[in-house]
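Have a look at the structure below before the remarks.
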Amino acid sequence: MPELNLTSAPAHLRHGSNIGQPLTRRDGVLKVTGRATYAADNHPPGMLFAVMAVASIARGHVISLDVAAAKRHPGVVDVMTPDHKPALAIDPDIKTNPFVFRMEVLQSNEVRYANQPIAVVIAETLEAATEGAALLAPRYETLPPLVGLDAGESFVPPVVGVGNPAAHHHGDVEAGLASAEKQIDAVYETRPQYHNAMEPHAIVAHWDGDTLSIDTPSQAMVMARARVAELFGLAPEKIHIRSPFLGGGFGSKGFLTGPQILGLMAAKLVGRPVKLVLRREQMYGPVGHRAPTRQRLRIGANGEGRLTALDHHARTVSSTFDDFYEPAADASHTLYAAPAIRTTHDAVRVNTGTPLFMRAPGEATGSIALESAIDEMAWACSMDPLAFRLRNYAEVEPITGKPFSSKALRACYEQGAARFGWAKRPLPPRQMRDGAGLLVGWGMGTATFPALMFQAEARAVIRRDGSGAMEIGAHDMGQGAWTALAQIAADELGLDIDRVEFKAGSSDLPDAGIAGGSAHTATAGAAIHSAGAAVIAKLADLATNDERSPLFGAGNAGVVARDGKLFRRDDESRGESYAEILARAGISEVEARGTGAPNPAALEEFAMHAHGAVFAEVKVDPELGQVRVTRMVGAFAAGRIVNPRMVQSQLFGGMIWGLSFALHEEAITDRRTGRIMNANLGEYHIPVNADVPPLDVITVEEHDPHVNALGIKGVGEIGITGSAGAVANAVWHATGVRVRRFPIRIEELLTQR
Amino acid sequence: MKPFDYVRPGTVAEAIAAAAQPGAVYLAAGTNLLDLMKGGVSRPNRLVDVTHLDGLDRIERLADGSLRVGALVSNADLAHDSEFARSYPAVAEALLSGASAQLRNAATVGGNLLQRTRCTYFYDTASRCNKREAGRGCNARDGENRSHAVLGWSESCIATHPSDFCVPLVALDAVVEIEGRTGRREIALDELHRLPGNTPERDTALEPDDLIIALRLPPAARSFAAHARYLKVRERTSYAFAVVSAAAALRIENGKIAEARLALGGVAAKPWRARAAEDVLRSVAPTADAFRDAAWRALADAKPSGDNAYKIELARRILVRALTLAAAGTPARLPALPASPFASTSGAVHA
């Protein structure tokens, strides 16, 4: 594995500090020239290829596999089955912590969902392994699968999302509804979605005695290392995971999945390095997905258009063998100032792989239903949807009564509406047409996502040549961690970014925590901030305690670091370079560690969320029902913006996903077999360039002194929320047809002409 | 992947000889076949690569005014041939509305005619499919079938033919030139694709070693150039098969329709020529009423094969729109979004 070399990137022009500058991706040249090494690009000497055979039934048992036929195929080295596999150190079904999800690693011949791995063929070539897997010709004993939101008896899960209670009550919802002058009672459905990262899950595993070298995309390397350690009975330091680049993760690479463990087992079985890469259709099962939901919203409002109650119930599904519940109804906790709010969940178990975190889990599904219902209520109150939202603006977090650490949503509404031209929107639907006679509609939605922080550590170094290093096992999923975190490092070290060696993407570096929850820049950034401050403090100690230094006697607090030098804060004519300080002290480098973590006191006191407002224009063919989004404006307030270019891209990506949620994306499951019928990118429709209109992103200035030292809230997921509802509401405004099943399909718009 | 022989004949005669053995299939660009092989849907013993055969990559005007297109001409080259696009604008528009730019650069005219259905049960080897395996049954019939056929289907098979290209071609009476064991012959494109009946495993009238050599558009095909459109409704703006599509071509003389050509895509196992609807339009003025009458006639025999009744109404509306657009006149340039309802700023019906 070659070291990441960023020196081929063009030098950056910088004005003032690094944070806040729209630097281009520092790894961009590597990526566009094909030199960025993704997991599957690794080919250690002697490597074999592993291919999974997966179940074509959703429930039952494998009763036979023609292992002999597979082994006879030229090039096949071995076939791993429940009867022939290396032993694991612990039962993989034991949940050793809340972030362990059950996986199929050939524990038994039971089939719990379609596309579940049932064997692994290991061969000298990919082609031989692929044919070997086909020759296994499994025979099954098939049981009727559980499919869909009404598959069986429903139950209330103990928790939803990550440890959230399944139900929340605030105020008297029934009284609020009873007193309302206007009521909405509507049911919305969202369909299953699959992450479909461009890079499929892949692993290259190389055992050398009891040490294990792993190339695999990961959003949480240190957590993954701990899981491998417990499964294989290894000390964590014997395991080295490299994940310098991910071709997208979206939550599906947050936890090691069954197929990745199977790659490790296969390599152990054959005693040679092994590569295992999922085929696209194999991504529809063992690596997580977004569960379907059916959400009922009951909303009451008084004659002035003020909410009297908000009741949000979400039905979802989990697998038959593990628990993850899409916390869709929780989307109603934070946005609108209803005096009474109730959110509840229930679920049924179905024969799928366990649903998992997928970009804005709960927020995305909940948002499209909530924003649709709010839009319906605004119309019922004969109010403009923006005016209705402002009438119900939450000055404190509705469900808790806590003040917000910061909330520039009003500015988002104002700036987004102004840029979009919202003021010209006619109130009733089906009022606007373009020159070609197409129906035109305008819709909006409010975006929100919590400002989270996890735990991370970083190590900072200042060297005698005046350069610096920052080490942190951070994850670049394409969001730009190589760039944004290096910008933070440069500022904290007081160095030009090109004088900082920024190391990331490897499990032997300090733990950067999880790249999820839109919290990676905030969490890793806080650790970098604290490590940088600590190493500068050490350097300052060297100088201020040395009477030969012009900084002698300045004291730590009286020194600032900038451009590779320390200056007296009160007299910037007195300064000294890092190189001079270290040379005189006769040491080659100083180093320090720092951590980033949430502040419990602030969490207790404040509600912390990013916010935004999304406005969409759609055109709809009045006879043919074809919809096209023609314009979107999103205004987002997410605290401090480290790199406006990367942030804009993240928000673009989120808004496009929102568009996809409203109009395109859906896994189609055969109701009889539980098989996914469109498990490929030809038929699982995500937007293509021609579906994506001009997007306009405004980042609204917001200073948050409470969320973390740098004031960062995160932008990875918020773009989906609000956007999906804005598109759906625009379709209603264009057509007068309220579709409550997403994605909206052509047939639903043919009902009227 | 299953091992297979790969042969690359130099002449048509060698190709036909090489394809004579059981389990042999012709390979052109492979944009469909290779996917089928990767998915285990098609498991040939031998690929006969015809892409190096001489003389099959030409677009020629024949003395009688017809146009002959070699089977190896790529979709992109054909669509971007300015003389072709001027003479047969609906065909060019259909070509450019299909697949993606990369696929169109690779895909060939001959291969396009022979692409298989996109019925997901055909692709899913764990499902029963009479087209993939004769007599096994059809899981689509009671399955997820909102995109399936509403015309010409049978209890054995409700799959549709996915081609855009074939829809205006069948409307324009295209002819297919075939070389086979018994020599050269030709058949109307309308006779090439079969309705399923009890033998859905046979997509076409071709014998196993028949090779499509060329496609011919007869002299009359160009007489519709001034009033010809292809219109396609799909679930995203590009890189999606038609939910329903239509080709409409009119020859208008003295304010009346002298001759109309109509065909539908995405509704049946073959590109669906709507001859009865054409008759409705003969010698009448191109009015909205006439177009509606024709559309109703075209779908008179339609019936849903599943959750797809909407496709019948959608097909009627697309026919009316395609006729309206064709009557308004072929645009001087191909639209930036070919065949899309969003392509045009003229001719749309104001409600």
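If the requirement is being more than 23 Å from B:ARG316 (Cα to Cα) and touching a residue at least 12 places away in the same chain (Cβ under 8 Å), which of these qualifies: B:THR199, B:THR117?
Step by step, each of B:THR199, B:THR117 is checked, and only B:THR199 is more than 23 Å from B:ARG316 (Cα to Cα) and touching a residue at least 12 places away in the same chain (Cβ under 8 Å).
Take the residues in segment B:314-339 that are facing chain A (nearest Cβ under 9 Å) and either in contact with a Pro (Cβ under 9 Å, 6 or more places away or on another chain) or modelled with pLDDT of 95 or more (or both); name whichever of them is surrounded by the most Cβ atoms within 10 Å (Cβ to Cβ).
Looking at residues that are facing chain A (nearest Cβ under 9 Å) and either in contact with a Pro (Cβ under 9 Å, 6 or more places away or on another chain) or modelled with pLDDT of 95 or more (or both), I get B:ILE318.
Tally up the residues in segment B:33-59 that are part of a loop (DSSP other than H, G, I, E, B) and crowded, with 20+ Cβ neighbours inside 10 Å, please.
Of the residues in segment B:33-59, 3 are part of a loop (DSSP other than H, G, I, E, B) and crowded, with 20+ Cβ neighbours inside 10 Å.
Can you name the strands (runs of 3 or more DSSP E) wholly within segment A:174-222 that have at least 1 residues being polar (S, T, N, Q) and either outside the structural domain of A:PHE357 (by TED's automatic domain parsing) or touching a residue at least 24 places away in the same chain (Cβ under 8 Å) (or both)?
Passing ranges, in order: A:182-190, A:211-215.
Could we say that B:ALA309 is under 26 Å from A:ASP670 (Cβ atoms) and in contact with a helix residue (DSSP H, G or I) (Cβ under 9 Å, 6 or more places away or on another chain) here?
So B:ALA309 passes the test.
From B:ASN139, B:ASN130, which residue is more than 23 Å from B:ALA300 (Cα to Cα) and within 14 Å of chain A (Cβ to nearest Cβ)?
B:ASN139
Give me the pairs: first residue in segment A:130-154 and in contact (Cβ under 8 Å) with a residue 40 or more places away in the chain, second residue part of a helix (DSSP H, G or I) and among the aliphatic types (A, V, I, L, M), beta-carbon distance under 8 Å, and six or more apart or on different chains, which are they?
These pairs meet every condition: A:GLY132/A:ALA70; A:ALA133/A:ALA70; A:LEU135/A:ALA69; A:LEU135/A:ALA70; A:LEU136/A:VAL67; A:LEU136/A:ALA69; A:LEU136/A:ALA70; A:ALA137/A:ALA69.
Just checking, does segment A:679-700 include any residue being within 14 Å of chain B (Cβ to nearest Cβ), among the acidic types (Asp, Glu) and part of a loop (DSSP other than H, G, I, E, B)?
Within segment A:679-700 (the criterion being within 14 Å of chain B (Cβ to nearest Cβ), among the acidic types (Asp, Glu) and part of a loop (DSSP other than H, G, I, E, B)), the answer is yes, since at least one residue qualifies.
Taking the criterion of being in contact with an Asp or Glu (Cβ under 7 Å, 6 or more places away or on another chain), surrounded by 21 or more Cβ atoms within 10 Å (Cβ to Cβ) and not in a loop (DSSP other than H, G, I, E, B), would at least one residue in segment A:668-676 satisfy it?
no
What do you reckon, is A:VAL100 touching a residue at least 60 places away in the same chain (Cβ under 8 Å), closer than 15 Å to A:PHE321 by Cα and under 34 Å from the mean Cα position of the chain (by Cα)?
Spelling it out, A:VAL100 is indeed touching a residue at least 60 places away in the same chain (Cβ under 8 Å), closer than 15 Å to A:PHE321 by Cα and under 34 Å from the mean Cα position of the chain (by Cα).
Are any residues in segment B:294-311 over 19 Å from the mean Cα position of the chain (by Cα), within 14 Å of chain A (Cβ to nearest Cβ) and of a type outside the set (Ser, Thr, Tyr), and if so, which ones?
Passing the criteria: B:ALA295, B:PRO304, B:GLY306, B:ASP307, B:ASN308, B:ALA309.
Give, as residue ranges, the strands (runs of 3 or more DSSP E) completely inside segment A:558-646 that count at least 1 residues that are acidic (Asp, Glu) and within 14 Å of another protein chain (Cβ to nearest Cβ).
So the answer is A:609-620.
Among (1) within 28 Å of the chain's Cα centre (by Cα); (2) outside the structural domain of A:ASP498 (by TED's automatic domain parsing), which single condition is A:ILE472 missing?
In the conditions (1) within 28 Å of the chain's Cα centre (by Cα); (2) outside the structural domain of A:ASP498 (by TED's automatic domain parsing), A:ILE472 misses (2) alone.
How do the strands (runs of 3 or more DSSP E) wholly within segment A:363-476 filter down when requiring 1 or more residues that are within 14 Å of another protein chain (Cβ to nearest Cβ): which remain?
A:439-450
How many residues are away from chain A (no Cβ under 14 Å) and assigned to a helix (DSSP H, G or I) if we restrict to segment B:105-127?
7
Grab the strands (runs of 3 or more DSSP E) fully contained in segment B:131-223, keeping just those with 2 or more residues being β-branched (Val, Ile, Thr).
Qualifying strands (runs of 3 or more DSSP E): B:175-180, B:211-217.
Output the number of residues of segment A:735-748 satisfying the condition of being within 14 Å of chain B (Cβ to nearest Cβ) and either farther than 24 Å from A:GLY366 by Cβ or not aliphatic (A, V, I, L, M) (or both).
9
Go through segment A:359-389 and give me each residue that's over 26 Å from the mean Cα position of the chain (by Cα) and either more than 15 Å from A:LEU335 (Cβ to Cβ) or not assigned by TED's automatic domain parsing to the domain that holds A:ALA309 (or both).
A:GLU376, A:TRP379, A:ALA380, A:CYS381, A:SER382, A:MET383, A:ASP384, A:ALA387
Which condition number in (1) acidic (Asp, Glu); (2) surrounded by fewer than 24 Cβ atoms within 10 Å (Cβ to Cβ); (3) touching a residue at least 24 places away in the same chain (Cβ under 8 Å) is the one that A:GLU717 fails?
Answer for A:GLU717: the failing condition is (2).
Against the condition away from chain A (no Cβ under 14 Å), in contact (Cβ under 8 Å) with a residue 24 or more places away in the chain, among the hydrophobic types (A, V, I, L, M, F, W, C) and closer than 26 Å to B:GLU60 by Cβ, how does B:ILE187 come out, does it pass?
no
Give segment A:104-134 a look and list any residue that's within 14 Å of chain B (Cβ to nearest Cβ) and over 18 Å from A:ALA50 (Cβ atoms), or say none.
Across segment A:104-134, the qualifying residues are A:VAL111, A:TYR113, A:ALA114.
Show the residue pairs meeting these rules: Cβ distance below 6 Å; 6+ apart or different chains; first residue within segment A:277-305 and touching a residue at least 12 places away in the same chain (Cβ under 8 Å); second residue charged (D, E, K, R) and part of a strand (DSSP E or B).
A:ARG294/A:GLU189; A:ARG294/A:ARG315; A:ARG298/A:ASP185; A:ARG298/A:ASP311; A:ALA301/A:LYS182
What pairs can you find where one residue is in segment A:488-508 and closer than 20 Å to A:ALA709 by Cα, the other is charged (D, E, K, R) and in a helix (DSSP H, G or I), and their Cβ atoms are less than 8 Å apart, with a gap of 6+ or different chains?
That search, which allows pairs on different chains as well, returns A:ALA490/A:ARG499.
Within segment A:231-239, is even one residue among the β-branched types (Val, Ile, Thr) and buried (at least 24 other Cβ atoms within 10 Å of the Cβ)?
The answer is no, given that none of the residues of segment A:231-239 is among the β-branched types (Val, Ile, Thr) and buried (at least 24 other Cβ atoms within 10 Å of the Cβ).
Is it fair to say A:SER252 is closer than 19 Å to A:PRO98 by Cα, outside the structural domain of A:LEU126 (by TED's automatic domain parsing) and either in contact (Cβ under 8 Å) with a residue 40 or more places away in the chain or part of a strand (DSSP E or B) (or both)?
Taking the combined requirement at face value, the residue does not satisfy it.
Which of (1) out of contact with any Leu (no Cβ under 9 Å at 6 or more places or on another chain); (2) over 17 Å from A:GLN193 (Cα atoms); (3) surrounded by fewer than 24 Cβ atoms within 10 Å (Cβ to Cβ) is the odd one out, the single condition A:ASN708 does not satisfy?
Going through (1) out of contact with any Leu (no Cβ under 9 Å at 6 or more places or on another chain); (2) over 17 Å from A:GLN193 (Cα atoms); (3) surrounded by fewer than 24 Cβ atoms within 10 Å (Cβ to Cβ) one by one, A:ASN708 breaks only (3).
Just the residues that are more than 23 Å from A:GLN282 (Cβ to Cβ) and touching a Phe, Trp or Tyr at 6+ places or on another chain (Cβ under 8 Å), please, taken from segment A:337-369.
If the condition is that a residue be more than 23 Å from A:GLN282 (Cβ to Cβ) and touching a Phe, Trp or Tyr at 6+ places or on another chain (Cβ under 8 Å), then A:ALA337, A:HIS345, A:ASP346, A:ALA347, A:VAL348, A:ALA360, A:GLU363, A:ALA364, A:ILE368, A:ALA369 are the ones that fit.
The values are calculated or read from the model by the stated rules, or taken from the named source; none is laboratory data. Not measured: the values here are computed from a predicted model. Positions of Cβ are backbone-derived with ideal geometry, glycine not excepted, and every protein chain shown enters the neighbour counts.
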